[in-house]
Amino acid sequence: MTDQFTDRVARLDDLEALHRVMGRSIARLQTGFLTPEQVAASHKVMGLDSQLVRDGTYFLVEYGERIAGCGGWSFRATLYGGDESVIKREPAIVDPASGAAKIRAMYTDPDFTRRGIGRRIIRLCEEAARSAGYRRVELMATAAGVPLYESCGYQPKAKLQFARVDGVAVPLLQMEKVF
């Protein structure tokens with residue numbers, strides 16, 4: 001393996017590997033913040049929206065042949081939720097003059113935490129959104145993600161919300177950043 005991390009835009013042939021990273025990330029990195037029931041329910045709230053890959057707005061960071069982390073941004077109205085989540089997604093395009101780009105589906109492989117992967121992906125997403133004309137970005141943060149987003153300049157936009165899955169409430173915080 002190489003000593004350096006590299007980044008690139010995700011491809012459709014990455015989907016299977018991305019799903020594995022996400023599953024591991026949800027299962028292991030949420031445990032310090034959520035109950036076991038909330039972690040299990042999170043798998044139905046979070047996940048990869050393959051539209052991001054098709055749009056060319058989803059990045060991954062690799063360490064050799066391994067995906068160390070992934071995340072993307074979107075010009076669509078959907079704030080969060082993946083292909084298999086219970087959350088309704090909205091494919092409408094957001095006008096950069098009046099709306100915010102969305103930071104979406106951020107995950108770090110548990111073997112690569114605390115190595116700048118999340119910050120790197122956020123920077124890639126923000127730069128791409130800014131280049132597309134957006135002056136503001138927003139996201140829906142998990143409890144485990146809030147410290148990272150705050151350290152990157154994101155502020156709460158709304159009160160704590162809860163996605164309800166099979167009677168279990170999963171806490172989420174909508175956050176935003178203005179460029």
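Here, each number is a calculation from the coordinates, and none is a lab measurement. Only a predicted model underlies this, so the values are computations on that prediction, with no experimental measurement involved. Cβ sites come from the backbone with ideal geometry, for glycine too, and all protein chains shown count toward neighbours.
Listed values, structure above:
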{"item": "Environment charge of residue 110, counting only residues whose C-beta is closer than 13 Å and scoring Lys/Arg +1, Asp/Glu -1", "result": "+4"}
{"item": "Mean Cα-pair separation over length for segment 5-135, i.e. relative contact order, pairs under 8 Å, 6 or more apart, %", "result": "27"}
{"item": "Normalised per residue, the volume of the convex hull around the Cα set of segment 5-135 (Å³)", "result": "104"}
{"item": "Mean-position separation - Cα centroids, segment 5-62 and segment 72-150, in angstrom", "result": "12"}
{"item": "Candidate lysines for bridging to residue 177, where Cα separation is under 20 Å - those fewer than 8 sequence places away on the same chain excluded", "result": "102, 157, 159"}
{"item": "For segment 19-80, alpha-carbon Rg over 2.2 N^0.38 Å", "result": "1.23"}
{"item": "Helix-only CD estimate at 222 nm, as mean residue ellipticity for the chain, using -39500 (n - 2.57) per DSSP H run (n ≥ 4)", "result": "-8000 deg cm²/dmol"}
